[in-house]
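Any read-out appearing in this document is the output of simple, stated calculations on the displayed coordinates, not a laboratory observation. This structure is a prediction, so every number in the text was calculated from the model and none was measured. Cβ coordinates were reconstructed from backbone atoms using ideal geometry, including for glycine residues, and neighbour counts include every protein chain displayed.
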Amino acid sequence: MRTGKLVARDGAQVTVSSANSGKAGNLIVDANSILLDNAKINADTTGGGGNIFLNSPLLLLRHGSSITTNASGSNISGGNITIDAKNGFIVAVPNENSDIRADSTNFRGGNVTIKNIAGIFGIQSRKEPSPNTNDITAKGATPDLSGNIEITQPDVDPSNGLVELPVNLVDASRQISNACTPGTRQFQNTFVATGRGGLPMSPTEPLQDSSTVSAWVRLKPNAEKANTTPVPQPTAVSTTPIAATIPIVEASGWVIDRKGNIELVAQVPQLNPHSPWQTPASCPVSQGGVEYGKISAAKASN
């Protein structure tokens, strides 16, 4: 049987079993997943034979499902169950009595082989089956006649992913610079904590500058000039009078200069009306050979 997904539930069975003296056949299933929910895959026999081959990366057993090759009858061995998990999983819900069994009632039990399995959950191999657990069994008529249960992991060598560590470990003392060693000539750097700077001690306090202002410091004179008496230098005093500060007065008007620019002024200057651009002509009038102006002057003098 080859299918993408095999689902059997509600009492369904996939079987090649035999009820009489004839041998049961072989059941081969290739599927991407197999789900048994209260269902069975069996090759039970009373005449021998009956083997099951399952090739699937996922086998899920629920509600009392089973995979069996049980045998009954004189000298009838149980069939074999081979499961190739293809690096997949077998999962059974705990305490649901889902079993994988290759038992024989009167003779030797069969063999259960599970290969290339990445993990088995909820079911494990036991010598005796139990109605309260999920079991993998190969029980015979006596303990000496029990079959074999073989579970193999995927063919992967874990050592291939290991990396060999170097034998010569790094000396941590050689990774530290000598300049960091206290007391050496290179140890010249210092670290000074000056406080919190411009941050206040608490949010309710005003922001204050905690920096300190230092006065200028004169360097010590050299040894060769230690006996020299310093000559004070005269201090130049400026005699330039300081111009009085001109107050700023609000502008109250504006004028136009000769270039046509508008200037704001504090007080508009008083301007005289324009005089005529032509000078009036003086026209003396004469009467009888005597200028009128001169006669009037003569009369005024008399």
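Some observations on this one:
- Mean Cβ count within 10 Å, highest first, over the residues of peptides 160-167, 99-106: 99-106, 160-167
- Pairwise centroid distance, computed over Cα atoms, of region 89-107 with region 109-145, Å: 6
- Quotient of C-alpha Rg and 2.2 N^0.38 Å, computed over region 3-69: 1.10
- Charge context of Q13, other residues only, Cβ under 14 angstrom, K/R +1, D/E -1: -1
- Fraction of alpha-carbon pairs over 22 Å apart in region 43-127 - percent: 26
- Mean sequence separation of contacting Cα pairs (under 8 Å, at least six apart), scaled by the length of region 1-142, corresponds to a relative contact order of 19 percent.
- Positive minus negative residues near N97 (Lys, Arg vs Asp, Glu; Cβ under 14 Å): -1
- The calculated FRET efficiency for the pair I151 and S74, based on their C-beta separation and a Förster distance of 35 Å, comes to about 0.65.
- Note on D10 and K220: the model spin-label points, each 7 Å out from Cα along the C-beta direction, lie 10.8 nm apart.
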